[in-house]
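**Q** Once you've had a glance at the structure underneath, I'll fire off some questions.
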Amino acid sequence: MNIRALLKTVGLALALTGVAQASDLTWTSQFSGSPLKFLNFNNVSAGSHYYSNTFDITPSGFNPLTMTIDSAVASFAFADDGDSYEEWVDITLAGNLFINEEVDGAHPSSSYAWYSDSLGVTLLADLQADGKLAFKVQLLDTVRYNKEDTYLKVAKLVAKGHENPPHKVPDESNTVILMGAAMLSLIALRKRFARRA
């Protein structure tokens, strides 16, 4: 086997190892209830038209110092009461609009309507910092008669990632050996080129 084929084989093996280790961990943060929150406009001053909380994946094992998040999906489940009004919600993550959607689903049954999307680079960086991500689900007054209402059933975040490889600092003896091997290789190359000339 020539040196070029050997290098290709080693490179392929390293790449496949990296892919296998890229997303082998999963962390989840979830809030649910019956319902989690009834969103309506009956008492706006008390915040009846929104629900806010913070996803936290650290209890499920995420450590921002030793682990890296590769991807994450936020999902929200709703159920409606079957009235004739269209209920629209704004969902924000870390203060940024994430989903603006008309929500459906059936209440009180478990046939929820799920709305989800993947987190972009900025939100992933925010989640990576400490494993937490604030969210807010707000019912919008589209009819202007304060008749809209919907049931927020579930708020869920699932992140996937990997554990960071340990950073090993070579000790003094290994450094000397590596330097020596590099010097011998350079001397051998110089002699080879001198013979050709």
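**Q** Give the residues of segment 30-48 that are surrounded by 12 or more Cβ atoms within 10 Å (Cβ to Cβ) and at pLDDT below 85, sorted by residue number.
**A** In the first step, residues of segment 30-48 are kept if they are surrounded by 12 or more Cβ atoms within 10 Å (Cβ to Cβ); the result is 30-33, 35-41, 44, 47-48.
Residues satisfying the conditions are PHE41, VAL44.
**Q** Right, something else. Could we say that THR122 is open to solvent by 30 Å² or more (accessible area, probe 1.4 Å) and either of a type in the set (S, T, N, Q) or at pLDDT below 90 (or both) here? Step through it out loud before you land on a result.
**A** Values: open to solvent by 30 Å² or more (accessible area, probe 1.4 Å): yes; either of a type in the set (S, T, N, Q) or at pLDDT below 90 (or both): yes.
Judged against the criteria, THR122 is a match.
**Q** Which one is nearest to the chain's Cα centre (by Cα) among residues in segment 177-188 that are at pLDDT below 75 and open to solvent by 70 Å² or more (accessible area, probe 1.4 Å)? First the steps, then the outcome.
**A** Let us first name the residues in segment 177-188 that are at pLDDT below 75, namely 177-186, 188.
Then keep just the ones that are open to solvent by 70 Å² or more (accessible area, probe 1.4 Å); that gives 177-179, 183-184, 186.
On the way: ILE177: 42, LEU178: 39, MET179: 42, MET183: 46, LEU184: 47, LEU186: 46 Å.
The selected residue is LEU178.
**Q** If you don't mind, there's one more thing I want to ask. Read through the list (1) open to solvent by 50 Å² or more (accessible area, probe 1.4 Å); (2) part of a loop (DSSP other than H, G, I, E, B); (3) at pLDDT 95 or above; (4) of a type in the set (A, V, I, L, M, F, W, C), then give the number of the only condition that VAL73 fails.
**A** (2)
**Q** On the given criteria, is VAL103 under 22 Å from LYS147 (Cβ atoms) and in contact with a Leu (Cβ under 6 Å, 6 or more places away or on another chain)? Don't jump to the end; show me each part of the working.
**A** Numbers: under 22 Å from LYS147 (Cβ atoms): yes; in contact with a Leu (Cβ under 6 Å, 6 or more places away or on another chain): no.
Taking the combined requirement at face value, the residue does not satisfy it.
**Q** Just a yes or no: is a residue in segment 124-132 under 22 Å from HIS49 (Cα atoms), basic (Lys, Arg) and touching a residue at least 12 places away in the same chain (Cβ under 8 Å)? Spell out the reasoning first.
**A** Pass one, segment 124-132, residues under 22 Å from HIS49 (Cα atoms): none.
No; the residues of segment 124-132 include none that is under 22 Å from HIS49 (Cα atoms), basic (Lys, Arg) and touching a residue at least 12 places away in the same chain (Cβ under 8 Å).
**Q** If I filter segment 102-137 down to residues being in a strand (DSSP E or B) and of a type in the set (Gly, Ala, Ser), which single residue comes out as farthest from LYS37 (Cα to Cα)? So that I can check it myself, show each step before the final result.
**A** Step one: of segment 102-137, the residues in a strand (DSSP E or B) are 102-103, 105-106, 112-118, 132-137.
Checking the rest, the ones that are also of a type in the set (Gly, Ala, Ser) come to 105-106, 113, 116, 118, 134.
Numbers: GLY105: 14, ALA106: 15, ALA113: 15, SER116: 18, SER118: 23, ALA134: 16 Å.
If we take residues in segment 102-137 being in a strand (DSSP E or B) and of a type in the set (Gly, Ala, Ser), then SER118 is farthest from LYS37 (Cα to Cα).
**Q** Pairs please, first residue from segment 152-176 and at pLDDT below 95, second anywhere and part of a loop (DSSP other than H, G, I, E, B) and not hydrophobic (A, V, I, L, M, F, W, C), Cβ atoms under 6 Å, 6+ apart in sequence or on different chains.
**A** ASN164/THR66
**Q** Where residues in segment 147-166 are within 14 Å of PRO35 (Cα to Cα) and aliphatic (A, V, I, L, M), which of them is farthest from the chain's Cα centre (by Cα)?
**A** Of everything passing the filter in segment 147-166, LEU152 is farthest from the chain's Cα centre (by Cα).
**Q** What are the pairs, 6+ residues apart or on separate chains, where a residue within segment 57-69 that is farther than 10 Å from GLU163 by Cβ has its Cβ under 8 Å from a residue that is surrounded by 15 or more Cβ atoms within 10 Å (Cβ to Cβ) and of a type in the set (Lys, Arg)?
**A** Short answer, once both residue conditions are applied: ILE57/LYS132; THR58/LYS132; ILE69/LYS160.
The values are calculated or read from the model by the stated rules, or taken from the named source; none is laboratory data. These numbers were taken from a predicted model, which means no experiment stands behind them. Every residue, glycine among them, receives a Cβ derived from its backbone with ideal geometry; neighbour counts consider all protein chains shown. Just the protein is used for accessible areas: all its heavy atoms, side chains included, with ligands, DNA and RNA removed. Shrake-Rupley method; radii C 1.70, N 1.55, O 1.52, S 1.80 Å.
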